[in-house]
Structure formats: structure tokens, C-alpha cells
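Novice: Attaching a single structure in C-alpha cells format; questions to follow.
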Amino acid sequence: MSYRSWFNEHGNKHKVIIDKLIAADYSKEMIIEYFDFENMVKHENDFCVLYQEPKKCHDMEKLNCYMCACPNFRFDDEGIKPYADKTIMSECDIDNGEEFAHDDKIHQNCASCTVPHHEAYVAKNFSLDWFEMMGECDIQIVKTKETDK
Ligand code: SF4
């Protein structure tokens with residue numbers, strides 16, 4: 001699956017949940033709490049493949065899933081830029097995490113970073129619109145918007 005397919009699919013799933021919670025009169029705080037890993041496993045099992053085991057993507061006692069993927073993640077399915085004989089496909093805008101190479105491509109590995117999974121971070125960067133929160137992630141879309149200005 002391409003980055004963009006996953007990204008769009010995930011954002012659309014997020015919107016379905018948000019629409020449901022807004023219709024039920026949830027406040028911002030209640031919405032953030034709803035996205036706590038344990039609650040999501042119970043009530044939104046299709047939201048993430050890891051819920052089925054269930055298995056946390058990061059070893060945190062309290063893990064919040066509201067901002068998965070992460071506003072700092074950057075990707076381009078056609079490649080961000082060349083690096084030596086490889087192409088960087090994704091990276092972190094604040095230089096957290098690590099990279100890994102697969103064939104001739106380099107990808108961002110967020111396994112060691114918990115930034116977007118803390119409730120305080122979610123509250124500070126909160127929007128009901130997931131695509132707005134992730135507005136800088138898809139580099140091709142950012143470039144298209146800049147060209148259209
Ligand atoms: S390394 Fe952390 S901050 Fe960077 S994109 Fe991954 S989860 Fe986000």
C-alpha cells in the first residue's frame with residue numbers, strides 16, 4: 001500500500017469516528033480521552049490493525065491514538081529526495097526517530113518516538129479535522145497548494 005492510500009484511508013476512518021462523537025455531543029477533552037488505546041481497542045477495533053492482537057505501537061502506559069500518524073511525518077510516494085544511491089521516501093520534520101533502508105529506498109522509522117501519542121501534545125495541536133492536523137505530511141499535496149497560490 002502506498003503512503004498516500006494509507007494516509008487517506010486512515011483520515012477518512014478518523015472522520016467517521018469524529019462525526020459520531022460530535023453527534024453525541026462530546027467535548028474536546030472527551031474526544032481525546034475516547035482515542036485512548038484501551039478504549040479504541042474496545043470500541044473502534046477496525047481503526048488500526050494492531051488493535052486486533054491487541055498490541056501497542058509504542059511501549060507507553062497511556063497511549064493516545066488521536067494523532068496517528070503524526071503531524072511531523074513527511075512522505076512522498078515519488079520520493080522526497082535522493083540520498084547517495086537511494087531515495088528518501090519519508091522523514092521526520094523535527095529529526096526524531098530513525099531511518100531504515102529497504103532495497104533502494106529510505107523510510108522513516110518512528111518506533112523510538114512517542115511525540116504524537118501524549119494527550120498533552122494532542123490537546124495542544126488539536127483539530128477536529130485530521131487532514132488539517134496532517135496538512136504538511138503529504139509533500140506532493142503541499143507542493144500543489146504552493147503552485148496554486
Ligand atoms: S519520529 Fe516522532 S515526531 Fe517524527 S514523525 Fe515519527 S512520530 Fe512524529
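The values are calculated or read from the model by the stated rules, or taken from the named source; none is laboratory data. These numbers come from a predicted model, not from an experiment. Neighbour counts are summed over all protein chains in view; Cβ atoms, including those assigned to glycine, are modelled from backbone coordinates with ideal geometry.
Novice: Can you tell me which residue among PHE7, PHE47 is among the aromatic types (Phe, Trp, Tyr), buried (at least 18 other Cβ atoms within 10 Å of the Cβ) and assigned to a loop (DSSP other than H, G, I, E, B)?
Specialist: Going through PHE7, PHE47 in turn, just one is among the aromatic types (Phe, Trp, Tyr), buried (at least 18 other Cβ atoms within 10 Å of the Cβ) and assigned to a loop (DSSP other than H, G, I, E, B): PHE47.
Novice: Here's a follow-up. Test of understanding: among LYS56, LYS42, LYS20, which residue is basic (Lys, Arg) and either part of a loop (DSSP other than H, G, I, E, B) or within 15 Å of the chain's Cα centre (by Cα) (or both)?
Specialist: LYS56
Novice: Further question: Just one of GLU44, GLU91, GLU98 is at negative phi and away from the ligand (no atom under 16 Å from the Cβ); which is it?
Specialist: GLU44
Novice: All but one of (1) surrounded by 20 or more Cβ atoms within 10 Å (Cβ to Cβ); (2) more than 8 Å from the ligand (Cβ to nearest atom) hold for ASP59; state the number of the condition that does not hold.
Specialist: Just one mismatch for ASP59, condition (1).
Novice: Among what's in the range 23-39 and is assigned to a loop (DSSP other than H, G, I, E, B) and at negative phi, pick the residue that is nearest to the ligand (Cβ to nearest atom).
Specialist: Across the range 23-39, the extreme among qualifying residues is PHE35.
Novice: Any residue at all in the range 119-132 that's within 12 Å of the ligand (Cβ to nearest atom) and surrounded by 12 or more Cβ atoms within 10 Å (Cβ to Cβ)?
Specialist: yes
Novice: Now, a different point. Please enumerate the residues belonging to the range 17-44 that are aliphatic (A, V, I, L, M), within 19 Å of GLU132 (Cα to Cα) and surrounded by 13 or more Cβ atoms within 10 Å (Cβ to Cβ).
Specialist: Of everything in the range 17-44, those that are aliphatic (A, V, I, L, M), within 19 Å of GLU132 (Cα to Cα) and surrounded by 13 or more Cβ atoms within 10 Å (Cβ to Cβ) turn out to be ILE17, ILE18, LEU21, ILE31, ILE32.
Novice: Related question: Which one is surrounded by the fewest Cβ atoms within 10 Å (Cβ to Cβ), of the residues in the range 98-110 that are modelled with pLDDT of 95 or more and in a loop (DSSP other than H, G, I, E, B)?
Specialist: ASP104
Novice: For ARG74, only one of the following conditions fails: (1) in a strand (DSSP E or B); (2) buried (at least 19 other Cβ atoms within 10 Å of the Cβ); (3) more than 12 Å from the ligand (Cβ to nearest atom). What is its number?
Specialist: Here ARG74 meets the rest and fails (3).
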